[in-house]
Amino acid sequence: MAVCARLCGVGPSRGCRRRQQRRGPAETAAADSEPDTDPEEERIEAGAAALAGAGGGRGAGPSPPPRCSLLELPPELLVEIFASLPGTDLPSLAQVCTKFRRILHTDTIWRRRCREVLHRYRHILGLWQPDIGPYGGLLNVVVDGLFIIGWMYLPPHDPHVDDPMRFKPLFRVHLMERKSATVECMYGHRGPHNGHIQIVKKDEFSTKCNQTDHHRMSGGRQEEFRTWLREEWGRTLEDIFHEHMQELILMKFIYTSQYDNCLTYRRIYLPPSHPDDLIRPGLFKGTYGSHGLEIVMLSFHGKRARGTKITGDPNIPAGQQTVEIDLMHRIQLPDVESLRSFTELSRIVLGVREQVRQEQQRQESGAQDGEGHGPQSPREPQPGVELPAEKGGEPVDGEAVAEAAPAPEQPAQSGQGQPFVLPVGVSSRNEDYPRTCRMCFYGTGLIAGHGFTSPERTPGVFILFDEDRFGFIWLELKSFSLYSRVRATFRNAEAPSPQAFEEMLKNIQSLTS
């Protein structure tokens, strides 16, 4: 009710509920005990009666028809009348008399006013992914007072993956009276200017700037690039010594700046959560080498977990599945000294990959033979590898019991962390990674050439550090990515059903396939 009142400008009036809430108990009781009329109302009625009496005493001519006071109308009719008035007139109307003030507290009036003002834009609240080629993005549209604002969420500056997200406004809708609303573009550094929003369909809309000259800077493209670089990377080009990284940064600026905030957005949902998930799913910031930090959505799908890119790069664009974790093949890492050897880690991971390949072949053979059975009992496990438990011949999600050799109690069972260190030769953008982990699983990571050419899934290791952080070792790239949870709260972002979430993943992946 308070928000509705602010939308129509009644907040400052003496009938505003927010103001009533600030009264003390004595003031509230006094207000509640007010009569239905006030002195001004009595004066209006007394004056009308006097006029009627004077006219009747002259006895000349026909008596005028009786005048109906607005106060005499039934409340239901007054609600209809008040609901049709402009929002700016309602504060004055609330000050006329106690009766009007009480009627203006009717929720029906405010619901209608909200529908009139918000009906064109009610579908754009929530999370969206802009169509910016391979780069994507994360837009959060929220109601903030008299505005609907579209905030673009940006990862922290590379490589500080644990820092909070950054955000900047791209557009805002100023909610006005008389069913109108003003759309303003917030892009650039010269303040709000004229913009336009077109709602294509329920889960898609587009924005357009009508004054793109407001995006230009007096120093030309060079000044625009330097300003963008400070905002995007928190440094100057001279601070970035890697030539390939400089090329990637310049390419992104040229590509993204050409849109001038004229973009199409498609709705995305946060992943649904289940009690048996390994950790709570959601959005994470991850390190991607020379590409900097990117946003990834972690979701669980039965025996597998997936990391889908919300922001991307020219190699692996937004919408693609960057990592996949096989929750049925858990890996027991060796001791820290052995783990320092990349050769030892490769031997373990490649052994699991071979085991997975053989299991898939047996499943395919069984399907062709019409057996219809699940996976056969696996062979002797590879050293350092745990295999899924079995109940009645069927694997159990997330469990692991068989081991190649005796090992201490597992971290998942004991609640204690297992020592972890990156093998020698594995590069990492962030050396401040956790030195203990809960558990590890076999996984695959997607790699490709520039322009998403020759994409290939390659073996790797998923390392779960805690509820808010995980990592992935890309075996072929000899690289390590560290991921940290996005802790921002997003409203209107829940999927209406698990099927709707799965369909959303397919849609955003198909755009860049």
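The values are calculated or read from the model by the stated rules, or taken from the named source; none is laboratory data. Just so it is clear, the structure is predicted and the values come from calculations on it, not from any experiment. Please note: Cβ atoms are built from the backbone with ideal geometry, for glycine as well, and neighbour counts cover all protein chains shown. Calculation scope for accessible area: heavy atoms of the full protein, side chains included, ligands and nucleic acids excluded. Shrake-Rupley method; radii C 1.70, N 1.55, O 1.52, S 1.80 Å.
Evaluate the following for S481: is it open to solvent by less than 10 Å² (accessible area, probe 1.4 Å), among the polar types (S, T, N, Q) and touching a residue at least 24 places away in the same chain (Cβ under 8 Å)? Answer is yes for this residue. For the stretch 307-337, filtering for residues that are open to solvent by less than 40 Å² (accessible area, probe 1.4 Å), over 30 Å from L127 (Cα atoms) and out of contact with any strand residue (DSSP E or B) (no Cβ under 8 Å at 6 or more places or on another chain) leaves 1. If the condition is being in contact with a Ser or Thr (Cβ under 9 Å, 6 or more places away or on another chain) and of a type outside the set (S, T, Y), then the stretch 431-454 contributes G445, L446, I447, A448, F452.
Reported count of residues in the stretch 434-458, each being out of contact with any His (no Cβ under 6 Å at 6 or more places or on another chain), buried (at least 19 other Cβ atoms within 10 Å of the Cβ) and not aliphatic (A, V, I, L, M), is 7. You will find that of G384, G372, G393, G366, the residue that is in contact with a Leu (Cβ under 8 Å, 6 or more places away or on another chain) and modelled with pLDDT under 90 is G384 and no other. Say whether the condition of being polar (S, T, N, Q) and either open to solvent by less than 20 Å² (accessible area, probe 1.4 Å) or modelled with pLDDT under 95 (or both) is met by at least one residue in the stretch 262-271. Checked against the condition, which is being polar (S, T, N, Q) and either open to solvent by less than 20 Å² (accessible area, probe 1.4 Å) or modelled with pLDDT under 95 (or both), the stretch 262-271 yields no hits at all. For the stretch 316-361, a residue qualifies if it is touching a Ser or Thr at 6+ places or on another chain (Cβ under 8 Å) and of a type in the set (S, T, Y), and exactly one does: T322.
The set of residues from the stretch 200-223 being among the β-branched types (V, I, T) and either exposed (fewer than 11 other Cβ atoms within 10 Å of the Cβ) or closer than 11 Å to T264 by Cβ (or both) comprises V200, T207.
Within the stretch 155-171, residues that are touching a residue at least 60 places away in the same chain (Cβ under 8 Å) have Cβ atoms under 6 Å from residues that are surrounded by fewer than 17 Cβ atoms within 10 Å (Cβ to Cβ) and of a type in the set (D, E) in these pairs: P156/D163, counting only partners at least 6 apart in sequence or on another chain. Annotation: G195 fulfils all but one of (1) assigned to a strand (DSSP E or B); (2) open to solvent by 70 Å² or more (accessible area, probe 1.4 Å); (3) touching a Lys or Arg at 6+ places or on another chain (Cβ under 8 Å); (4) not charged (D, E, K, R); the unmet one is (2).
Is there a residue in the stretch 490-511 that is part of a strand (DSSP E or B) and aliphatic (A, V, I, L, M)? Taking every residue of the stretch 490-511 in turn, none turns out to be part of a strand (DSSP E or B) and aliphatic (A, V, I, L, M). Cβ-Cβ contacts under 6 Å between residues 6 or more apart (or on different chains), taken from a first residue in the stretch 220-241 that is free of Cβ contacts under 8 Å to residues at least 12 places away in the same chain to a second residue that is part of a loop (DSSP other than H, G, I, E, B) and surrounded by 13 or more Cβ atoms within 10 Å (Cβ to Cβ), are listed as E223/M217. Selection of first residues in the stretch 133-151 that are at positive phi and of second residues that are among the charged types (D, E, K, R) and outside any loop (DSSP other than H, G, I, E, B), restricted to Cβ pairs under 6 Å at least 6 apart or on distinct chains, gives an empty result. Based on what the data block shows, is T227 β-branched (V, I, T) and closer than 20 Å to G136 by Cβ? For T227, the condition - β-branched (V, I, T) and closer than 20 Å to G136 by Cβ - is not met. For the stretch 466-486, indicate whether the set of residues that are of a type in the set (F, W, Y), within 20 Å of L138 (Cβ to Cβ), part of a helix (DSSP H, G or I) and at pLDDT 95 or above is non-empty. No. Looking only at the stretch 109-150, residues that are open to solvent by less than 50 Å² (accessible area, probe 1.4 Å), modelled with pLDDT of 85 or more and not hydrophobic (A, V, I, L, M, F, W, C) come to 10 in all. I279: open to solvent by less than 50 Å² (accessible area, probe 1.4 Å), of a type in the set (A, V, I, L, M), without any contact (Cβ under 8 Å) to a residue 60 or more places away in the chain and out of contact with any strand residue (DSSP E or B) (no Cβ under 6 Å at 6 or more places or on another chain), yes or no? The answer is no for I279.
For the stretch 227-261, residues that are open to solvent by 20 Å² or more (accessible area, probe 1.4 Å) and either of a type in the set (K, R) or on the phi > 0 side of the Ramachandran plot (or both) total 5.
Restricting the search to the stretch 484-513, which residues are under 19 Å from W151 (Cβ atoms) and open to solvent by 70 Å² or more (accessible area, probe 1.4 Å)? Passing the criteria: R487, T489, R491, N492, E494. In the stretch 234-261, which residue that is of a type in the set (D, E) and outside any loop (DSSP other than H, G, I, E, B) is modelled with the highest pLDDT? My answer is E247.
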